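Novice: Following this message is one structure expressed as structure tokens.
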Amino acid sequence: MKYLIDTANLEMIEKCNDLLPISGVTSNPSIIKKEGKINFFPHFQKIRSIIGKDKTLHIQILAEDSDGILKEAHTILDKVDKNVFIKIPTTPEGLKAIRLLKKEDVGVTATAIYTKTQGLMAMEAGADYIAPYFNRMENLDIDAPDTIAVFADMIAVYGYHTQILAASFKNIAQVNTAFKCGAQTATVGPDILLAAFAVPSIKKAVDDFAADWKQIFGAASIRD
Ligand code: E4P
């Protein structure tokens, strides 16, 4: 089970990478828009330098035709690094591009998955990750937990190397459900991840421990 963070914000990436056991960073053009008109390639080089080479970095292409997708993918691989996972929306043209990139052994994340067929075809095309859009599916009354469970079953039954990278969450309960249904990885907005630790009872417990210790020993630290 692995957590990635779904952001292009450098401060948040630094903070989460320092504090939390995250395994990588994902983004898409809408997430990048929140950062304004960034200097695209240097920005992602910086993200790579923050997270290091052992964590996964997933960058989305914009082209909608397979030739254009391949060209953009190679530009990203040349200008950021060869280990980037290229995020490709799971359209028919996207599936063609995934098959061609996998022949070159490029890492691929099939994204924008709302239906079982998209995910199953992306597995067949050789995608390393498939990204079902949990909250967006629920908004459309598509059963996201069942879809993820079917993907997990098919991966187990047929031995696909593909991992489920669940995405698009509005709260941490959805993330936990995705893991329970068999997602090996989930990409989550840092605000949602950090909110899971902002429960007042957690702070009260920590404050109570400190106060009780101080009452007995008169000092605020075990070292004093
Ligand atoms: C993954 O990177 C997806 O693009 C992302 O999680 C979509 O999230 P949204 O539905 O909140 O836009």
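Novice: Using the Karplus curve 6.51 cos²θ - 1.76 cosθ + 1.60 with θ = phi - 60°, work out ³J(HN,Hα) for each residue of region 182-195 in order, rounded to whole Hz, and write x for Gly and Pro.
Specialist: These are the phi-based 3J(HN,Hα) values: x, 5, 7, 9, 9, 10, 10, x, x, 4, 5, 5, 5, 4 Hz.
Novice: Same structure, new question: Could the peptides 149-158, 34-43 be put in order, highest first, of the mean number of other beta-carbon atoms found within 10 Å of their residues?
Specialist: 149-158, 34-43
Novice: Could you size up the charge dipole of the chain around its Cα centre, putting +1 on the beta carbon of Lys and Arg and -1 on that of Asp and Glu, and report it in debye to the nearest 20?
Specialist: The calculation lands at about 360 debye.
Novice: Could you name the aspartates and glutamates whose alpha carbon sits less than 18 Å from that of K214, not counting residues in the same chain fewer than 8 places away?
Specialist: D224
Novice: Rank-order 120-130, 15-25 by packing density, defined as the average count of other C-beta atoms within 10 Å over each peptide's residues, highest first.
Specialist: 120-130, 15-25
Novice: Something else now. With θ set to phi - 60°, apply the Karplus curve 6.51 cos²θ - 1.76 cosθ + 1.60 along region 83-93 and write out the HN-Hα couplings as whole Hz, x wherever there is a Gly or Pro.
Specialist: Result, rounded to whole Hz: 8, 5, 8, 7, 8, 10, x, 8, 9, x, 5.
Novice: Give me K170, K55 ranked fewest to most by other Cβ atoms within 10 Å of their Cβ, as a rough exposure proxy.
Specialist: Going from sparsest to densest Cβ surroundings: K170, K55.
Novice: Which residues' amide hydrogens lie under 5 Å from the amide hydrogen of A110, considering only partners 5 or more residues apart or on another chain, with H built in the peptide plane?
Specialist: I88, D128, Y129, I130, A131
Novice: For the chain, what is the mean residue ellipticity at 222 nm derived from helices alone (per DSSP H run of n ≥ 4: -39500 (n - 2.57); sum divided by total residues; nearest 500 deg cm²/dmol)?
Specialist: The helix contribution divided over the chain gives -15500 deg cm²/dmol.
Novice: Another one. Using a ≥ b ≥ c from the Cα gyration tensor of the chain (square roots of the eigenvalues), is it rounded, prolate or oblate, where a/c under 1.5 gives rounded and otherwise the larger of a/b and b/c decides, a/b for prolate?
Specialist: Cα axes put the chain in the prolate bin.
Novice: State the answer as a single residue: which of Q60, A183, V206 lies farthest towards the positive end of the charge dipole of region 2-217, with beta carbon charges of +1 for Lys and Arg and -1 for Asp and Glu, about the Cα centre.
Specialist: Projecting each Cα onto the dipole axis, the largest value belongs to V206.
Novice: Note down the magnitude of the dipole of region 97-224 about its Cα centre, charges +1 on Lys and Arg C-beta and -1 on Asp and Glu C-beta and zero elsewhere, to the nearest 20 debye.
Specialist: Here the size comes out at about 140 debye.
Novice: In whole Hz and in residue order, list the ³J(HN,Hα) couplings for region 47-63 that follow from phi through the Karplus curve 6.51 cos²θ - 1.76 cosθ + 1.60, θ = phi - 60°; x for Gly and Pro.
Specialist: 4, 4, 5, 6, 7, x, 7, 8, 9, 8, 10, 10, 10, 8, 7, 10, 4
Novice: If you take every residue apart from Q45 with its C-beta less than 11 Å away from the C-beta of Q45, what net charge results, scoring Lys and Arg +1 and Asp and Glu -1?
Specialist: For residues surrounding Q45, the net value is +2.
Novice: Turning to a different aspect of this structure: For a footprinting-style exposure proxy, rank L57, L62 by other Cβ within 10 Å, fewest first.
Specialist: Lowest count first: L62, L57.
Novice: Right, next: Which whole-number percent gives the relative contact order of the chain, counting Cα pairs below 8 Å spaced six or more residues apart?
Specialist: 16 percent.
Laboratory data are not the source of any read-out in this text; all were calculated from the coordinates shown. Computed from a prediction, not measured in an experiment: that's the story for all the values here. Note that we place each Cβ from the backbone using ideal geometry, even for glycine, and neighbour counts take in every protein chain shown.
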